[in-house]
Amino acid sequence: MQLIRSSGVLLHPTSLPGPDGMGDLGPQVYTWIDFLVKSGCKLWQILPLGPTGYGDSPYQCFSAFAGNPYLVSPSLLMDQGLLKRSDLTDRPDFPIEKVDFGPVIPWKLLVLDRAFKRFQNHKDTKITADYAKFCLDEASWLDDFAIFMALKETHGGASWDKWTDPYRLRDEQALKAFSSSNAESIERHKFRQFVFFAQWNKVHAYAKSKGIQIIGDAPIFVAFDSSDAWSHPELFMFDEDRKPTFVAGVPPDYFSPTGQLWGNPIYNWQVHKETGYKWWIERLGATLKTVDLVRLDHFRGFAGYWEIPFGMPTAEIGKWKKGPGNPFFNALKKAFGDLPIIAEDLGRITPDVIALRDGLGLPGMKILQFAFAADAADPFLPHNYPVNCVAYSGTHDNDTVVGWYKTATEHERDFYRRYMARSGNDVATDIVRSVWSSVAAYAICPLQDLLCLDTEGRMNFPGKPAGNWSWRMSPDTLSDWLLNKLQELNRLYLR
């Protein structure tokens, strides 16, 4: 994939302003795209768009194919005639500066249920015809997902491994009987997906018409409590009772003496290979219908991954297993041609990972915030960047640049000041400028770093179970000051 020198901003739609407690796919997202266009940026990077569950993480979704119904815009549903103004008069008072998922989720579901009731009695034949076509086109994943979500509701939200055996083990007669007696609940979940994709597809088309490419995100692993794992157990390392035999994580390293125990089920790569990687081709194909490029998370797992026996309390006990490697990517190339993939190649990178990435010609990631712990040979320093890479000030998993500098070691701060020839008084602006001026084809930073925010702007703290993903920009964020700052960066560094 040939990258053309460009720049962009990392911002998830939940961080947009709006009246319903979290950013959504309504008017504010179009204002955001227009701002990017005026600034001279050509890239907008987002996090995964899937339906979030416990912890609100977009990296632990109920499906690798479905969309997040909480992102549906009530105001756009009103424009369609699926809601009336009176349906929104009981909207709670939500905080402006953050997403408080506790009250937001029940409000969004209440509004969606009101829209569904009106849809059931709708006389607009175009909407009903569009819905029927959507259900038919997406049946390969939508049918299982809708039943999965309806079953979760019936079981009080419990993970599918806690369901009664006929449902847990997908007994055909039991599922048929359940579908018959819970048809409205299943239909409701299909409707939520219909309105999500109708709204997102318009956002994507608008961005494309304005010359903005959207960079999406595909986590390598899926959540155990997902429609994917429940409906395709043969694709994962499960025993006969559908319990995981191995789970995912990373081994102990400098940052974590016990490693990271993610707990996601491990793929049965042999079965995937025997099917020609059909599920993965369908998954990536679905993602590429919603975005233009994909950041493939934990790319090193395709070369080799850390396999932890199920039930271990930490990631210390495990072993490296060979990943699917080139045969997997050859199957993707056969399906998609030139791979529009950015390799998330952070963490412990071994020669086999580098060989796989470079053999495929995929751009990797460079995080400038990581660059000052060692010396001038550090690969994250701009003078060591290849052109074919994507350079960042930081990502959603890091502290903001300002927060990082405040807590960095004296060695890091000293090296930063000497390398950048700066005092450290405006560290975020200096780091962003250095990313933009580098030879990296793509330069991207979180909006929080453009705004020079401290740790209060951090999006995620890995390992922290709650309180993440809640940052929002204020309604007056997209100011002339910010626009001029971005325009100047893009002009100066030919982005």
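The values are calculated or read from the model by the stated rules, or taken from the named source; none is laboratory data. From a predicted model like this one, the values you see are computed outputs, not experimental measurements. A quick note on method: Cβ atoms are made from the backbone with ideal geometry, for glycine too, and the neighbour counts reach across all protein chains shown.
General remarks:
- Being within 30 Å of Val390 (Cβ to Cβ) and either without any contact (Cβ under 8 Å) to a residue 60 or more places away in the chain or among the hydroxyl-bearing types (Ser, Thr, Tyr) (or both) holds for only one residue in Ala132, Ala205, Ala174, Ala218, and it is Ala205.
- Number of residues in the range 402-434 that are within 30 Å of Gly361 (Cβ to Cβ) and touching an Asp or Glu at 6+ places or on another chain (Cβ under 9 Å): the value is 2.
- A single member of Ser15, Ser39 is farther than 11 Å from Tyr70 by Cβ and buried (at least 24 other Cβ atoms within 10 Å of the Cβ), and it is Ser15.
So that you can scan it fast, the table gives a plain yes or no per residue for (1) of a type in the set (Asp, Glu); (2) out of contact with any helix residue (DSSP H, G or I) (no Cβ under 9 Å at 6 or more places or on another chain); (3) over 27 Å from Phe134 (Cβ atoms):
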| residue | (1), (2), (3) |
| --- | --- |
| Ser227 | no, no, no |
| Thr245 | no, yes, yes |
| Asp253 | yes, yes, yes |
| Gln270 | no, yes, yes |
| Tyr277 | no, no, no |
| Glu282 | yes, no, no |
| Thr287 | no, yes, no |
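- Within the range 325-348, the residues that satisfy the criterion of being within 16 Å of Tyr392 (Cβ to Cβ), without any contact (Cβ under 8 Å) to a residue 60 or more places away in the chain and of a type in the set (A, V, I, L, M) are Ala343, Leu346.
- One residue alone among Pro257, Pro252 is without any contact (Cβ under 8 Å) to a residue 40 or more places away in the chain and touching an Asp or Glu at 6+ places or on another chain (Cβ under 9 Å), and that residue is Pro257.
- When Thr400, Thr429, Thr477 are checked against the criterion of being under 16 Å from Leu36 (Cβ atoms) and touching a Leu at 6+ places or on another chain (Cβ under 9 Å), a single residue qualifies: Thr477.
- Hits in the range 370-385 (condition: in contact with a strand residue (DSSP E or B) (Cβ under 8 Å, 6 or more places away or on another chain) and within 21 Å of Leu296 (Cβ to Cβ)): Pro379, Phe380, Tyr385
- Residues of the range 448-480 satisfying the condition of being surrounded by 20 or more Cβ atoms within 10 Å (Cβ to Cβ) and outside any loop (DSSP other than H, G, I, E, B): Gln448, Asp449, Leu450, Gly457, Trp471
- Among the candidates Ala146, Ala139, residue that is surrounded by 22 or more Cβ atoms within 10 Å (Cβ to Cβ) and at pLDDT 95 or above: Ala146
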